[in-house]
Amino acid sequence: MAVEIWWIGNLPLRQSTGKTGFSIGEETTMTVRSSPGPLVENNWRMFATCKTVDPAVFYSPGEERGRNRAARESSAKQVCFRCPVIRDCLTFALETAEPHGVWGGTTPSERLALRRSAA
């Protein structure tokens, strides 16, 4: 599986729409490829902005829905978009098929859509 993700600065563009709604910066590309096993090298986590943020920002309680979930996910993504290792985080989440939380500036449903579009 290979997924091509376009970036504007540290912001991933949605592959299906090509829009982010964020300020424009220099465009670069990244190709995410699945490996035979999960990504083992996790040193990038030492540099993650989220390591000092309450995990509840990134993971929803089971009963959370609607505006509350959207607001929490938006807050989590703002942390991600300031993070120097957002690409490594998203790669990890895609390669391990992480089903929960905001990783690399994406929600579980956004990551699922990326994996499906690459299949």
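The values are calculated or read from the model by the stated rules, or taken from the named source; none is laboratory data. Model, not experiment: these values are computed from the prediction. Every residue, glycine as well, gets a Cβ built from its backbone with ideal geometry; the counts of neighbours run over all protein chains shown. In case anyone asks, the SASA skips ligands and DNA or RNA and just uses the protein heavy atoms, side chains included. Shrake-Rupley method; radii C 1.70, N 1.55, O 1.52, S 1.80 Å.
Screening residue 37 against (1) out of contact with any Lys or Arg (no Cβ under 8 Å at 6 or more places or on another chain); (2) modelled with pLDDT under 95; (3) open to solvent by 50 Å² or more (accessible area, probe 1.4 Å) leaves a single unmet condition, (3). The set of residues in the stretch 67-83 that are in contact (Cβ under 8 Å) with a residue 60 or more places away in the chain and either in a loop (DSSP other than H, G, I, E, B) or loosely packed, with under 11 Cβ neighbours inside 10 Å (or both) comprises 82, 83. Give the stretch 92-110 a look and list any residue that's in contact with a Gly (Cβ under 8 Å, 6 or more places away or on another chain), closer than 18 Å to residue 78 by Cα and either aromatic (Phe, Trp, Tyr) or crowded, with 21+ Cβ neighbours inside 10 Å (or both), or say none. Residue satisfying the conditions is 93 alone. Give just the number: which of (1) open to solvent by less than 40 Å² (accessible area, probe 1.4 Å); (2) part of a helix (DSSP H, G or I); (3) over 17 Å from residue 115 (Cα atoms) does residue 64 not satisfy? In the conditions (1) open to solvent by less than 40 Å² (accessible area, probe 1.4 Å); (2) part of a helix (DSSP H, G or I); (3) over 17 Å from residue 115 (Cα atoms), residue 64 misses (2) alone. The residues in the stretch 44-61 that are assigned to a loop (DSSP other than H, G, I, E, B), under 15 Å from residue 92 (Cβ atoms) and either touching a Lys or Arg at 6+ places or on another chain (Cβ under 8 Å) or open to solvent by 40 Å² or more (accessible area, probe 1.4 Å) (or both) can be counted, and the count is 0. For the stretch 98-119, a tally of residues being of a type in the set (A, V, I, L, M, F, W, C), at pLDDT below 95 and not in a loop (DSSP other than H, G, I, E, B) returns 4. Test residue 18 against the criterion of being modelled with pLDDT of 90 or more, on the phi > 0 side of the Ramachandran plot and open to solvent by less than 80 Å² (accessible area, probe 1.4 Å), and give yes or no. Judged against the criteria, residue 18 is not a match.
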